[in-house]
1. What full-extension length gain, to one decimal in nm, is calculated for E64 and N34 as 0.36 nm per residue of separation minus the Cα-Cα distance?
2. Is any residue of region 313-340 close enough, with backbone N under 13 Å, to a label point placed 7 angstrom from the Cα of D292 along the Cα-Cβ axis, and if so, which?
3. Please list, by residue number, everything in region 319-352 whose backbone N is under 11 Å from a paramagnetic label point 7 Å out along Cα→Cβ of W48.
4. Please give the contour-minus-distance gain from Q322 to A55: 0.36 nm per residue of separation, less the Cα-Cα distance, rounded to one decimal in nm.
5. Provide the packing ranking of 68-80, 129-141, i.e. peptides ordered by the mean count of other C-beta atoms within 10 Å per residue, highest first.
6. May I ask for the net charge around A180, where only other residues with Cβ less than 10 Å from the Cβ of A180 are counted and Lys, Arg are +1 while Asp, Glu are -1?
7. Suppose R0 equals 22 Å; then what is the FRET efficiency for R348 and I308 from their Cβ-Cβ distance, rounded to the nearest 0.05?
8. Provide C202, C22 in ascending order of the number of other Cβ atoms located within 10 Å of each residue's Cβ, fewest first.
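Every number here is computed from the coordinates shown, using simple stated rules; none is lab data. Small disclaimer: the values here were computed from a predicted structure and weren't measured. With ideal geometry, Cβ positions are generated from the backbone for all residues, glycine too; neighbour counts draw on all protein chains shown.
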Amino acid sequence: MRKILVTGSSGLIGSEVVRHYCQRNWQVYGIDNNMRADFFGPSGDTRWNQRRLLADYPNFNHLELDIRDRPAVLATLAELQPDAIVHAAAQPSHDLAASRPFDDFDVNAGGTLNLLEAARRHCPEAPFVHMSTNKVYGDAPNRLNLVEKATRWDFADAEYYHGINESFSIDQSKHSIFGASKVAADVMVQEYGRYFNLPTCCLRGGCLTGPNHAGVELHGFLSYLIKCNLEERTYTVFGYQGKQVRDNIHSHDVVRFMEEFIESPRVGEVYNLGGGRANSISILEAFQLISDISGKPMRYDYVNQNRIGDHICYLSDLSKMQAHYPNWGITKDLRTTFEEIYASWQARTSVA
């Protein structure tokens, strides 16, 4: 039986990977210490997801491990020697990173290095998939020519109609402390690929979402926005008139791409991973869509100050992904994704 190691296994992407590979009869080992609850409080707790995975899949094994613990990470990889690794554990918030910079860097950069070196020593042939972020580009996308439309910002130049590709510079821009720690991890994953010839890739995710996201105000905008609508709470919009645009990709489609890479890996690759133009939406447009689904008006406040390093408009150019892996494509459209998230929050709320 093939083995896969998944870090952040109780989170949005990690839990989707666990389900996917358990259903394919792999032996799945998940590393998670619920640090999201430490970062975000009770609303960020993911133990519910861990318990569900353990109940549903006998071939899932939970490992209570902190990826900052270098000796423990090295020992775990030496023992397991998995056939593939998906690294989805992270401190994911711009705002939190600024108040806890040591924790942010130790988790995002240090934890990634621990895993890479353990993989190099003990399972160098295992494909290593790293969940990076589009925040490695910093605020450089904001320097592109933009046009303001009724409900969204958009790229003005035809060159960027399909979004930003992987050749876009990650240098000389404001990243936020979170973005900088993710740059360090991203470059190290590339370097272990190129320097040691390991099968690694960085997936520079846009807005990753889905029904198992424990969205909070500081991270997971779409999940949190939908939760606010369901509970008739006030959502705070930070700057850009609420017209800032993100391309959203369902966790199912994220994992489908990971599987493509694991089955046919490359060395030191980078991919911009998002929903593309077809799955793009502004905050104002998201308000309208969830209101159409729920029948409830969206309550919100506006703060005329954007978050540091935040993108005004970001779309992922998916052409490289589709060229390298032509069997992959987006299967979950925006409305389907919204409906699944809304139904999931309804179910969780009723249980609570």
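1. Values: separation 30, 0.36 × 30 = 10.80 nm, distance 0.86 nm.
Extra length available between E64 and N34 comes to 9.9 nm.
2. Residues 334-339 fall inside that zone.
3. Answer for region 319-352: 344-352.
4. Values: separation 267, 0.36 × 267 = 96.12 nm, distance 3.55 nm.
Taking 0.36 nm per residue and subtracting the Cα distance, the gain is 92.6 nm.
5. Details: 68-80: 16.0, 129-141: 24.1.
Order by mean packing, descending: 129-141, 68-80.
6. Details: positive: K135, K174, K182; negative: D104.
Here the count lands on +2.
7. Values: r = 31 Å, r/R0 = 1.42.
The calculated FRET efficiency here is 0.10.
8. On the way: C202 28, C22 19.
The most exposed by this proxy come first: C22, C202.
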